[in-house]
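Q: Pasting in a structure now, in structure tokens, and then I'll have a few things to ask.
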Amino acid sequence: MKRFFILLGMLAIILLMGAVIYLFHLTSVVQQRFSELRWDIPSKVFSESTHLFPGVQIQSLNLKSKLDRLGYRFVTSPSMRPGEYFIDSSNSPSQEIWILYLKDFDYPTRSFKGFPVRWTVKQGMLVSLEKVALKGSQALDMVELEPELISEFFRGIRSDREIAKLEALPAHLLNAIVVIEDARFLEHSGIDPKGILRAFLTNLKSGKIVQGGSTLTQQLVKNFFLTQKRSYSRKINEALMALIVESKYSKDVILEAYINEVYMGQRGSTSIHGMKKAAQFYFSKSLDRLTLSECAILGGMIQNPGLHSPFKNPKKTIQRRNIVLQKMKEHQLILPAEYQEALAEALHPSKVPSVKNSAPYFVDHVRQELLERYPENVILTQGLRIFTSLDIDLQLYANQAMEITLAALEKIHVQELTVPQNAASLQGALIAVQPQTGWIKALVGGKNYEQSQFNRVTQAKRQVGSLFKPLVFLTAFERLPQKYTLSTLLKDEPFVYEYDHHQWEPQNYEEKYYEEVSLRTALELSINIPTAKVALDVGIPHIAAQAKKMGITSYLPQVPSLALGSAEVSPLEMAGAYSTLANGGFYVPPYAIKHVVSPDGAILTERAPEAKKVVSEQSTYLITQALQGVLERGSGIGVRMFGFNAVAAGKTGTTNDYVDAWFAGYTSQLVAVSWVGFDQEKRLGLTGAQAALPLWTRFMLQTTRGKKQASFQVPEKIISVEIDPRTAQLATRRCPERLTEVFLKGTEPKTFCERHSAPVLQKKIAPEFRKDAD
Amino acid sequence: MKICILCLSVFFALSCSLFQKKLTRDDPLVLFYKTDPLPETVASLKLTERARENIKDKKYSKALALLNQSLEIDPDNAFSYYFLGLLYHEKNEPKRSNGILERAKLLFREMPFWLSACYELSSQNWLKLGYGHQAQEDALKAEALVKH
């Protein structure tokens with residue numbers, strides 16, 4: 001018997017020691033988690049915002065689609081709730097009055113509180129803009145519609161939240177949470193024995209776990225450390241840890257952690273956590289703007305966010321809200337009048353904004369840019385807000401153009417695609433850049449992101465072919481302006497060039513030769529031999545140097561074939577180079593990220609356009625003139641045949657054996673470069689005009705629709721002179737062909753056309769009877 | 001009588017120009033346009049003016065964000081390029097400032113007052129970069145434009 005008690009005592013001691021060790025372990029776990037209360041918060045990528053101001057063409061903004069994507073709800077009567085809009089067109093068919101309640105939004109340098117605005121649209125133009133207030137309205141110069149959320153960067157689990165301080169929560173919301181989830185929160189020490197007993201008896205009666213008696217602290221512990229599995233062992237652990245938490249931390253710390261951790265529903269595959277995010281998600285409001293009714297709804301949802309979701313089950317939401325309000329009244333947290341008012345408030349949840357990543361290649365490019373400055377861990381977990389230059393409308397046009405064009409090519413040109421199975425892997429790339437600022441407005445890096453994430457805009461380097469020719473002539477205009485003008489006549493006869501024990505014999509497309517052509521014609525029709533001759537005269541190293549100044553950083557082999565585009569370059573680089581042409585000679589590096597902001601509003605990265613003058617305005621203008629001719633009568637005439645009539649310049653590009661098809665073109669406002677081909681560098685069998693030009697044109701047709709198009713600015717020292725294109729001399733009345741050509745002042749022809757004047761007759765007519773050069 | 005009217009008209013026109021308040025760099029930017037600018041330009045200029053005030057208050061981040069917005073609306077807003085140049089200058093980035101000022105100079109061809117301001121600022125940048133000769137050249141250009 002004595003031995004039995006000794007053994008029992010020893011066992012008790014061992015168990016006690018085990019319990020103490022286990023408690024120490026739990027304490028350590030709790031302390032570690034609470035010492036730095038951090039959550040994985042995804043970083044968010046935003047598009048460019050939209051500006052509304054008197055004079056803007058509403059149609060060009062695709063406003064209704066944009067509002068729909070932003071989660072603004074169209075209502076049938078004027079509304080004063082954030083996230084709703086109403087259109088009144090009853091007065092006149094050509095006039096509309098819009099009333100829209102802007103949502104709150106944190107821009108990079110300011111926190112915006114939404115308010116209702118009203119604007120009038122007459123014949124498609126916004127004519128007046130005002131802020132609607134109770135005491136009359138106030139005229140506004142401009143309104144900014146917040147940017148669209150393009151994508152988020154998650155680490156592992158897709159959960160979204162915004163961290164809020166406890167003091168940021170309205171009292172009604174805190175009270176609602178506490179009264180419905182844990183009315184004795186301020187009294188207990190982590191566990192509520194009454195609640196546990198009640199739950200235990202209920203579960204015993206039913207034979208399974210059906211009720212919980214958890215305190216807020218226990219719920220927090222469960223979410224932080226434990227699984228959702230309902231079991232007795234988990235409950236025991238939960239209780240122990242809750243006691244430890246309460247012994248170590250104040251009620252404020254516990255409550256703040258709770259309001260940021262609590263699960264509040266789903267947005268697709270992303271879980272919503274925390275009250276701040278929930279307020280924005282369900283009501284498009286910041287915390288301080290929530291009504292009592294909305295606070296009660298959020299508090300009531302905690303028990304089962306799916307069941308009590310205002311989106312899915314409005315009736316159950318209201319029922320649950322009323323229970324919460326009742327409890328708040330019973331605990332004298334609200335007045336009877338407030339209770340009645342909140343009961344009467346109708347449910348108005350916001351519309352769920354779509355977060356569909358319509359620009360996955362662009363987002364990847366943004367991620368790459370971010371990784372140059374920030375560790376991956378920071379990007380995935382620290383809740384950065386990344387504001388980019390992307391124009392969602394342009395991006396959607398680009399996506400559409402890519403889909404339609406590649407499908408059409410596969411269907412129409414299946415014979416030219418020499419290996420039938422190639423049709424499935426035809427690829428494309430398209431990038432659009434605003435030349436003045438370098439902002440990337442749209443980027444499509446392939447046919448289908450889900451099949452291939454390889455970004456053909458930024459990562460693929462392909463031979464550019466004839467796309468390089470404008471750079472040859474640009475260099476010629478810069479270095480030898482007296483020798484080379486648009487009217488300079490060039491021989492188009494085959495030749496062989498020897499260098500470094502090599503021989504180079506350039507060929508024309510389809511071996512067609514013109515004997516003699518003007519430089520303009522050589523560029524418009526993309527004729528190889530005259531281009532090659534000019535390049536050899538100007539010097540390949542100078543051409544390579546000029547290309548480098550225009551942003552082509554890829555290796556440029558210093559060989560003659562460089563002139564015809566043998567270098568491998570990415571579409572991104574070509575977009576930068578062609579932007580220089582559109583931009584009057586300024587190279588502006590293309591980029592995507594404008595601001596990176598930390599969750600607490602600190603600006604980590606900010607970027608504005610940079611510019612460097614790399615070539616004269618006059619030379620770029622001359623090239624632009626010729627490239628306009630490409631579209632009017634040259635290899636790019638398909639652009640006009642497609643119905644694109646805006647003032648634009650462009651160049652086709654086709655590589656040897658028809659492996660790559662390119663098109664680069666620009667208006668004064670936008671540069672776009674398109675490429676079509678196979679990843680494996682197999683023969684495409686199509687030219688730039690056949691494959692890449694349709695892609696570019698389909699895209700540009702959409703972007704220019706309904707927008708005013710400006711002409712290219714004529715720089716100083718550019719003059720227009722009428723010449724005979726056959727002789728490149730000043731035209732006379734006898735010249736059968738006359739052409740108005742542009743020249744850099746001082747390089748224009750000085751002599752009249754000798755071929756079509758009458759020099760013999762000239763000599764016979766006395767000077768006093770000569771009227772002119774005829 | 002006709003000569004009298006003509007003389008009076010000339011006198012009136014001259015006195016108007018003499019007594020007309022000369023615009024300064026702090027005046028509403030839209031006043032520098034000879035003809036009514038496009039709505040996009042007007043909207044863009046309002047943002048540029050706000051950026052101008054923020055630069056004065058050394059709130060460079062706000063100014064930069066406003067200039068970005070102004071260029072989003074009107075990418076050919078010469079004033080935005082000038083103030084961007086000023087912002088880079090104040091942030092001690094003279095090379096960047098000069099690059100963007102070249103753009104502004106191109107766009108300010110018809111506005112000698114602001115073209116002069118560009119040269120004045122680029123002169124200061126050249127000094128910072130250690131190019132005294134270039135600084136002097138730009139300073140003289142600025143002066144000549146003001147006199148013109």
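Q: Inspect region A:713-726 for any residue being closer than 30 Å to residue A:61 by Cα and either in contact with a Pro (Cβ under 9 Å, 6 or more places away or on another chain) or assigned to a loop (DSSP other than H, G, I, E, B) (or both) and give the result as yes or no.
A: The first filter runs over region A:713-726 and keeps only residues closer than 30 Å to residue A:61 by Cα, leaving A:713-714.
Remaining after also requiring either in contact with a Pro (Cβ under 9 Å, 6 or more places away or on another chain) or assigned to a loop (DSSP other than H, G, I, E, B) (or both): A:713-714.
Yes, region A:713-726 contains at least one residue that is closer than 30 Å to residue A:61 by Cα and either in contact with a Pro (Cβ under 9 Å, 6 or more places away or on another chain) or assigned to a loop (DSSP other than H, G, I, E, B) (or both).
Q: Could you look through region A:30-73, keep only residues that are crowded, with 19+ Cβ neighbours inside 10 Å and hydroxyl-bearing (Ser, Thr, Tyr), and pick out the one that is nearest to the other protein chains (Cβ to nearest Cβ)?
A: That would be A:50.
Q: Taking interchain pairs and intrachain pairs at least six residues apart, which have beta carbon atoms under 8 angstrom, with the first residue in region A:244-271 and on the phi < 0 side of the Ramachandran plot and the second of a type in the set (S, T, N, Q) and part of a loop (DSSP other than H, G, I, E, B)?
A: These pairs meet every condition: A:246/A:189; A:247/A:189.
Q: Here's something else I'd like to know. Among (1) closer than 30 Å to residue A:160 by Cα; (2) assigned to a strand (DSSP E or B); (3) more than 14 Å from chain B (Cβ to nearest Cβ), there is one condition residue A:594 misses while meeting the rest; what is its number?
A: In the conditions (1) closer than 30 Å to residue A:160 by Cα; (2) assigned to a strand (DSSP E or B); (3) more than 14 Å from chain B (Cβ to nearest Cβ), residue A:594 misses (3) alone.
Q: Has region A:442-458 got at least one residue that is hydrophobic (A, V, I, L, M, F, W, C) and part of a loop (DSSP other than H, G, I, E, B)?
A: Yes, there is a match, as at least one residue in region A:442-458 is hydrophobic (A, V, I, L, M, F, W, C) and part of a loop (DSSP other than H, G, I, E, B).
Q: Give the residues of region A:337-384 that are part of a helix (DSSP H, G or I) and open to solvent by 50 Å² or more (accessible area, probe 1.4 Å), sorted by residue number.
A: Hits for region A:337-384 are A:337, A:338, A:340, A:341, A:343, A:344, A:367, A:368, A:371, A:376, A:377.
Q: While we're looking at this one, here's another question. What number of residues in region A:597-619 are open to solvent by less than 10 Å² (accessible area, probe 1.4 Å) and either within 11 Å of another protein chain (Cβ to nearest Cβ) or among the β-branched types (Val, Ile, Thr) (or both)?
A: Within region A:597-619, residues that are open to solvent by less than 10 Å² (accessible area, probe 1.4 Å) and either within 11 Å of another protein chain (Cβ to nearest Cβ) or among the β-branched types (Val, Ile, Thr) (or both) number 4.
Q: Can you name the residue in region A:150-166 that is touching a helix residue (DSSP H, G or I) at 6+ places or on another chain (Cβ under 9 Å) and closer than 29 Å to residue A:296 by Cβ and is also surrounded by the most Cβ atoms within 10 Å (Cβ to Cβ) among such residues? Spell out how you get there, then give the answer.
A: First, pick out the residues of region A:150-166 that are touching a helix residue (DSSP H, G or I) at 6+ places or on another chain (Cβ under 9 Å): A:150-151, A:153-156, A:160-166.
The next check asks that each one be closer than 29 Å to residue A:296 by Cβ; those that pass are A:160-166.
On the way: A:160: 21, A:161: 24, A:162: 21, A:163: 19, A:164: 18, A:165: 12, A:166: 16.
Restricting to residues being touching a helix residue (DSSP H, G or I) at 6+ places or on another chain (Cβ under 9 Å) and closer than 29 Å to residue A:296 by Cβ, the top hit is A:161.
Q: With in contact with a Pro (Cβ under 6 Å, 6 or more places away or on another chain) and surrounded by fewer than 24 Cβ atoms within 10 Å (Cβ to Cβ) as the only criterion, which of A:701, A:730 stands out?
A: Checking each option against the conditions leaves just A:730.
Q: Of the residues that make up region A:660-683, is at least one free of Cβ contacts under 8 Å to residues at least 12 places away in the same chain, open to solvent by 10 Å² or more (accessible area, probe 1.4 Å), assigned by TED's automatic domain parsing to the domain that holds residue A:543 and not aliphatic (A, V, I, L, M)?
A: no
Q: Tell me which residues, restricted to region B:87-144, are touching a Pro at 6+ places or on another chain (Cβ under 6 Å) and open to solvent by less than 70 Å² (accessible area, probe 1.4 Å).
A: Those that are touching a Pro at 6+ places or on another chain (Cβ under 6 Å) and open to solvent by less than 70 Å² (accessible area, probe 1.4 Å): B:125, B:129.
Q: For residue A:183, indicate whether it is in a loop (DSSP other than H, G, I, E, B), hydrophobic (A, V, I, L, M, F, W, C) and open to solvent by less than 50 Å² (accessible area, probe 1.4 Å).
A: no
Q: Would you be able to tell me the number of residues in region A:123-173 that are of a type outside the set (S, T, N, Q), closer than 30 Å to residue A:361 by Cα, in a strand (DSSP E or B) and away from chain B (no Cβ under 14 Å)?
A: Looking only at that region, the number is 6.
Q: Can you tell me how many residues within region A:620-645 are within 14 Å of another protein chain (Cβ to nearest Cβ) and open to solvent by less than 10 Å² (accessible area, probe 1.4 Å)?
A: Within region A:620-645, residues that are within 14 Å of another protein chain (Cβ to nearest Cβ) and open to solvent by less than 10 Å² (accessible area, probe 1.4 Å) number 1.
Q: Output the number of the condition that residue A:672 fails; it satisfies all remaining conditions of (1) touching a Ser or Thr at 6+ places or on another chain (Cβ under 6 Å); (2) under 30 Å from residue A:55 (Cα atoms); (3) small (Gly, Ala, Ser).
A: (1)
Q: Still on this structure, I have one more. Which one of B:38, B:140, B:31, B:121 is over 30 Å from residue A:386 (Cβ atoms), more than 14 Å from chain A (Cβ to nearest Cβ) and over 15 Å from the mean Cα position of the chain (by Cα)?
A: It is B:140.
Q: OK, next. Among (1) part of a helix (DSSP H, G or I); (2) buried (at least 23 other Cβ atoms within 10 Å of the Cβ); (3) touching a strand residue (DSSP E or B) at 6+ places or on another chain (Cβ under 8 Å), which single condition is residue A:536 missing?
A: The single condition residue A:536 does not satisfy is (2).
Q: Does region A:518-530 contain at least one residue that is touching a Lys or Arg at 6+ places or on another chain (Cβ under 8 Å), among the basic types (Lys, Arg) and assigned by TED's automatic domain parsing to the domain that holds residue A:456?
A: no
Q: Does residue B:54 satisfy the condition of being open to solvent by less than 60 Å² (accessible area, probe 1.4 Å) and more than 8 Å from chain A (Cβ to nearest Cβ)?
A: The answer is yes for residue B:54.
Q: Restricting the first residue to region B:94-119 and requiring it to be free of Cβ contacts under 8 Å to residues at least 40 places away in the same chain, which pairs with a second residue that is among the charged types (D, E, K, R) and in a loop (DSSP other than H, G, I, E, B) meet a Cβ separation below 6 Å and a spacing of at least six or different chains?
A: Listed by first residue and then by second, the contacts come to B:96/A:610; B:99/A:610.
Q: Identify all residues within region B:66-76 that are touching a strand residue (DSSP E or B) at 6+ places or on another chain (Cβ under 7 Å) and either more than 9 Å from chain A (Cβ to nearest Cβ) or open to solvent by less than 10 Å² (accessible area, probe 1.4 Å) (or both); write none if there are none.
A: B:68
Q: When you go through A:101, A:107 one by one, which is the residue that is of a type outside the set (S, T, N, Q), closer than 30 Å to residue B:39 by Cβ, surrounded by 15 or more Cβ atoms within 10 Å (Cβ to Cβ) and within 14 Å of another protein chain (Cβ to nearest Cβ)?
A: When all the criteria are applied, what remains is A:107.
Q: Which members of region B:77-90 meet the condition of being within 11 Å of chain A (Cβ to nearest Cβ) and within 12 Å of residue B:128 (Cβ to Cβ)?
A: B:88
The values are calculated or read from the model by the stated rules, or taken from the named source; none is laboratory data. Source: prediction; values computed, not measured. Positions of Cβ are generated from backbone atoms using ideal geometry, with glycine treated the same way; all protein chains shown enter the neighbour counts. Only protein heavy atoms, including side chains, enter the accessible area calculation; ligands, DNA and RNA are left aside. Shrake-Rupley method; radii C 1.70, N 1.55, O 1.52, S 1.80 Å.
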